[in-house]
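Enquirer: The following block contains the structure, expressed as structure tokens.
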Amino acid sequence: MKSPLTQDAAELIARRFLALSDATRLRLVDVLRERGEASVGDLAEALGASQQNVSKHLATLHAEGFVSRRKQGTSSIYAISDPAVFELCERVCGGIEAQLGQLERALGS
């Protein structure tokens with residue numbers, strides 16, 4: 001039997017979920033899933049957002065260990081460092097997509 005979460009563990013988990021609780025950050029994770037790695041400029045272009053805004057969101061993801069950063073010349077290149085984020089997003093997003101499909105079918109009837 002699994003023991004209950006400690007307060008410290010619960011706070012860490014909550015902080016990690018909070019880092020993923022923004023639509024822009026979820027989109028960044030999705031783009032990095034597709035591309036493997038990308039510069040801030042490439043990510044900003046993919047999202048139609050400013051580099052400053054993307055950098056801010058990447059800093060949050062980096063602080064929580066979801067992405068890694070390396071320098072390439074004057075650019076910062078980001079990649080997913082915790083592949084478990086893909087499974088988490090797939091479970092949550094897949095469930096939401098299923099619910100939306102059910103709702104659309106119910107409203108269409």
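Enquirer: What residue, of ASP22, ASP8, ASP42, is touching a residue at least 24 places away in the same chain (Cβ under 8 Å) and among the acidic types (Asp, Glu)? Reasoning before the result, please.
Expert: Details: ASP8 fails: touching a residue at least 24 places away in the same chain (Cβ under 8 Å); ASP42 fails: touching a residue at least 24 places away in the same chain (Cβ under 8 Å).
Matching residue, one of ASP22, ASP8, ASP42: ASP22.
Enquirer: Still on this structure, please answer the following. Please verify whether the range 87-107 includes one or more residues that are surrounded by 13 or more Cβ atoms within 10 Å (Cβ to Cβ) and either in contact with a Phe, Trp or Tyr (Cβ under 7 Å, 6 or more places away or on another chain) or polar (S, T, N, Q) (or both).
Expert: no
Enquirer: Hey, can you tell me all the residues within the range 17-60 that are surrounded by fewer than 17 Cβ atoms within 10 Å (Cβ to Cβ) and among the basic types (Lys, Arg)?
Expert: ARG33, ARG35, LYS56
Enquirer: If you don't mind, there's one more thing I want to ask. List the helices (runs of 4 or more DSSP H) inside the range 1-105, counting only whole elements, that have at least 2 residues being at pLDDT 95 or above.
Expert: 23-35, 40-47, 51-63
Enquirer: The conditions are (1) under 18 Å from ALA14 (Cα atoms); (2) free of Cβ contacts under 8 Å to residues at least 12 places away in the same chain, and HIS57 fails exactly one of them. Which is it?
Expert: (2)
Enquirer: So, in the range 1-40, of the ones that are in contact with a Ser or Thr (Cβ under 7 Å, 6 or more places away or on another chain) and among the small types (Gly, Ala, Ser), which residue ends up nearest to ILE77 (Cα to Cα)?
Expert: Top of the filtered list is SER39.
The values are calculated or read from the model by the stated rules, or taken from the named source; none is laboratory data. Computed from a predicted model, the values in this text were never measured in an experiment. Every residue, glycine as well, gets a Cβ built from its backbone with ideal geometry; the counts of neighbours run over all protein chains shown.
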